[in-house]
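The values are calculated or read from the model by the stated rules, or taken from the named source; none is laboratory data. Fair warning: this is a prediction, and the values are worked out from it, not measured in the lab. Methodologically, a virtual Cβ is constructed for each residue, glycine included, from the backbone with ideal geometry; neighbour enumeration extends over all protein chains shown.
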Amino acid sequence: MSTTFHTREEAASDDLRLDDAAFEEEHGDLVRLARFLDSQFRVPGTNMRFGADGLMGLVPVVGDVAGGAISLYLISKALRYGAPFSLVARMAANAGIDFAAGSIPLVGDLFDFVWKANKMNVDLLSDHLRKTSIDKRAATAKSIN
């Protein structure tokens, strides 16, 4: 049996209602993915962190395209969760800056180690989801009273 949704928000809210545990697990996976991509490793003797995105960026073209594809995956999750256009646009801008600047030889490689677009995007999505959850709980409490 197939479910038809009329809006992105209906699809997202239905996904969130279906299985909160699976949603929390998936969100945790996104947080871990962002950490792996942007800050998994530490430069010895410093507090500077970098991730797989910076390492992938060292491979001309292929690394930047792979990093961009993963950033698009994170943005697609935001769409699935019903994030507003303004949030998705901000996430896309972060990813676009990462891709464009990271594509510049040498300077872009250094930029990839500093600009943490995936972490920023997951943080933006997490903040949105937290606020949405609080708003839904408040609305439910009002409707019960």
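Key figures
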{"quantity": "Residue list for the stretch 54-66, restricted to those being part of a helix (DSSP H, G or I) and under 16 Å from VAL107 (Cβ atoms)", "calculated": "GLY54, GLY63, ASP64"}
{"quantity": "Single unsatisfied condition, VAL107 versus (1) without any contact (Cβ under 8 Å) to a residue 12 or more places away in the chain; (2) in contact with a helix residue (DSSP H, G or I) (Cβ under 6 Å, 6 or more places away or on another chain)", "calculated": "(2)"}
{"quantity": "Selection count where residues are surrounded by fewer than 19 Cβ atoms within 10 Å (Cβ to Cβ), touching a residue at least 40 places away in the same chain (Cβ under 8 Å) and farther than 16 Å from ASP29 by Cα, scope the stretch 62-83", "calculated": "1"}
{"quantity": "Checking ALA83 against (1) over 28 Å from LYS131 (Cα atoms); (2) assigned to a loop (DSSP other than H, G, I, E, B); (3) at pLDDT 90 or above, the condition it does not meet", "calculated": "(1)"}
{"quantity": "Selection count where residues are crowded, with 20+ Cβ neighbours inside 10 Å and either on the phi > 0 side of the Ramachandran plot or not in a loop (DSSP other than H, G, I, E, B) (or both), scope the stretch 34-51", "calculated": "3"}
{"quantity": "Selection count, the stretch 19-63, where residues are modelled with pLDDT of 90 or more and among the acidic types (Asp, Glu)", "calculated": "3"}
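Quick grid of which residues meet (1) of a type in the set (Ser, Thr, Tyr); (2) farther than 25 Å from ARG42 by Cβ; (3) modelled with pLDDT of 90 or more; (4) surrounded by fewer than 10 Cβ atoms within 10 Å (Cβ to Cβ):
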{"residue": "ALA95", "(1), (2), (3), (4)": "no, no, yes, no"}
{"residue": "PHE99", "(1), (2), (3), (4)": "no, no, yes, no"}
{"residue": "PRO105", "(1), (2), (3), (4)": "no, yes, no, yes"}
{"residue": "ASP109", "(1), (2), (3), (4)": "no, no, no, no"}
{"residue": "ASN118", "(1), (2), (3), (4)": "no, no, yes, no"}
{"residue": "VAL122", "(1), (2), (3), (4)": "no, no, yes, no"}
{"residue": "SER133", "(1), (2), (3), (4)": "yes, yes, no, no"}
{"residue": "ALA138", "(1), (2), (3), (4)": "no, yes, no, no"}
{"residue": "ALA141", "(1), (2), (3), (4)": "no, yes, no, yes"}
